[in-house]
Amino acid sequence: MITDIIDTLRGKKILLLGFGREGRASYELIRRWLPGQPLAIADQRQIDLASLSNVEGIFGEGYQNCLANYDLILKSPGIVLENHAPEVLERVTSQSELLLKAFRGQVIGITGTKGKSTTSSLIYHVLKQAYPDCLLMGNIGIPPFSLAEQITEKTLIVCELSCHQLERIRVSPHVAVLLNLFEEHLDHYGSREAYFEAKRNICRYQQPGDWYFCNVLQKDDVAPLAASQVTLCQNGAAELSIQGRTIFRGGRAALELPEGCCPLLGAHNLYNIMVAYGVAKLYGVTDGQFLAAIKTFAPLPHRLQNIGCYGGVAYYDDSISTACETAIQAMESLKTPGVGSLLLGGMDRGIDYQSLCSYLLHNPPPHLILMPDSGRRIAEALRQAGCRSELHLVEDLKEAVAVAKKVTPKGTACLLSPAAASYGFFRDFEERGERFAQYAADPNI
């Protein structure tokens, strides 16, 4: 079935727009199947072509000026398209779109502002126990083309889909999951509505017989829907909901989640577990199989991860947090032992911090350590509102950890949950989390 993808590429004048992880996976797949077909690579960075065969390179500031010269443009999700002319847009595709065109009936696609990596990994982990022929790919860090040759007609494909991967697709997965929508990526989309529109493509092109799991707040966002819709909520009414630790389906109690049944922390992760349960039931997974599987799930790093105890303080890495809601969820999850210091701030994307500031006014941790750039804006808002936390303005993460080590009360937690993107300071949220762990463990800081 990989031949469906290859046939789409065969004989085309192809441009790989972006040559990061996904661009390299595209190159490798095309070279294995179409060794003699000419390729071009366009990237703002200079790429060393010495190890690549039959490749033209377009690099530097004007790297996107060539788009009209190619039959097919395979765009990497991290690239912001500069040319929106119709004759260019009709040639733009992606690994995600080509995967869906070839295998949509086998794909479970998961998106949302937060929780998509954890939920995608959890769904994969559960289904893999019952269906060994199951693959995980997508925004989780596994380009679809890196696994495409392993897909058979029976393979279940769990695919995490980001807003950038969904932005221009014209086909939707058989099972689509929209976990939630919060204000995010305003630097790229310019408005919350434009960002939401990109996310809605996960269900926009579904067909009769498909399934759409969506947060109850988004249930009327896309109409008309061809798919069967399953609404989701926590502590409320929906087709699939969780009240406390009990999962309800169709208003009836379906499964009790015992304490300690899964290593995931926090009420927000009970919601993610509920979503995984709903998807698993579509594929015939029994309650016993589900509980056995989630017990062995290994949580992903940088998501409310306990990275150690130093000087009587527990350190938690929640570097994945780039929104108000996730920082609030992290604090709620750590009411025991309690947050003694909270590290906030990073790239300022212009998001509204009112909800986070309101939460901190009513639930003030002893110390708030605020990093550039958005930390400055949060600090000003909290000062004006009379926040009872002690505010510490620092210049970077290293200084933030140094201050935390001095002021965090023993027996409490130091929490990195920045409610801001890492870009401009770190390569990504993973690097930010790794640096936090390094600084926390360093006795000289």
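Of all the residues in region 315-338, those that are outside any loop (DSSP other than H, G, I, E, B) and open to solvent by 20 Å² or more (accessible area, probe 1.4 Å) number 6.
Taking region 250-276, which residues are in a loop (DSSP other than H, G, I, E, B), within 20 Å of T113 (Cα to Cα) and either more than 25 Å from the chain's Cα centre (by Cα) or at pLDDT below 95 (or both)? If the condition is that a residue be in a loop (DSSP other than H, G, I, E, B), within 20 Å of T113 (Cα to Cα) and either more than 25 Å from the chain's Cα centre (by Cα) or at pLDDT below 95 (or both), then L265, G266 are the ones that fit. Could you check region 340-366 and list, in sequence order, the residues that are under 25 Å from the mean Cα position of the chain (by Cα), closer than 21 Å to A413 by Cβ and open to solvent by 10 Å² or more (accessible area, probe 1.4 Å)? Within region 340-366, C357, Y359 meet the criteria. Looking only at residues of region 209-249 that are more than 24 Å from the chain's Cα centre (by Cα) and at pLDDT below 95, we find that the one that is surrounded by the fewest Cβ atoms within 10 Å (Cβ to Cβ) is P224.
Among the residues of region 402-422, is there at least one that is out of contact with any Gly (no Cβ under 9 Å at 6 or more places or on another chain) and more than 20 Å from H302 (Cα to Cα)? The answer is yes; a qualifying residue exists. Contact map, region 422-445: residues that are open to solvent by 40 Å² or more (accessible area, probe 1.4 Å) paired with residues that are part of a helix (DSSP H, G or I) and acidic (D, E), Cβ distance under 8 Å, separation 6+ or inter-chain. No pairs are found. Go over the candidates L136, L74 one by one and state the one that is open to solvent by less than 30 Å² (accessible area, probe 1.4 Å) and touching a Phe, Trp or Tyr at 6+ places or on another chain (Cβ under 6 Å). After ruling out the rest, the residue left standing is L136.
Scan region 166-178 and tell me whether some residue there is among the basic types (K, R), at pLDDT below 95 and out of contact with any Pro (no Cβ under 9 Å at 6 or more places or on another chain). There is at least one residue in region 166-178 that is among the basic types (K, R), at pLDDT below 95 and out of contact with any Pro (no Cβ under 9 Å at 6 or more places or on another chain). Does I369 count as open to solvent by less than 50 Å² (accessible area, probe 1.4 Å), modelled with pLDDT under 95 and in contact with a Leu (Cβ under 7 Å, 6 or more places away or on another chain)? Criteria not met by I369. Of all residues in region 277-293, those satisfying the criterion of being hydroxyl-bearing (S, T, Y) and either part of a loop (DSSP other than H, G, I, E, B) or open to solvent by 50 Å² or more (accessible area, probe 1.4 Å) (or both) are Y283, T286.
I6 meets each of the listed conditions (1) in a helix (DSSP H, G or I); (2) farther than 12 Å from F145 by Cα apart from (2). The criterion of at least 3 residues that are in contact (Cβ under 8 Å) with a residue 24 or more places away in the chain is met by the following helices (runs of 4 or more DSSP H) wholly inside region 22-137: 95-103, 116-130.
The values are calculated or read from the model by the stated rules, or taken from the named source; none is laboratory data. Owing to the predicted nature of the structure, the values given are computational and were not obtained by experimental measurement. Cβ sites come from the backbone with ideal geometry, for glycine too, and all protein chains shown count toward neighbours. Each accessible area value is taken on the protein alone, full model and side chains, heavy atoms only, with ligands, DNA and RNA left out. Shrake-Rupley method; radii C 1.70, N 1.55, O 1.52, S 1.80 Å.
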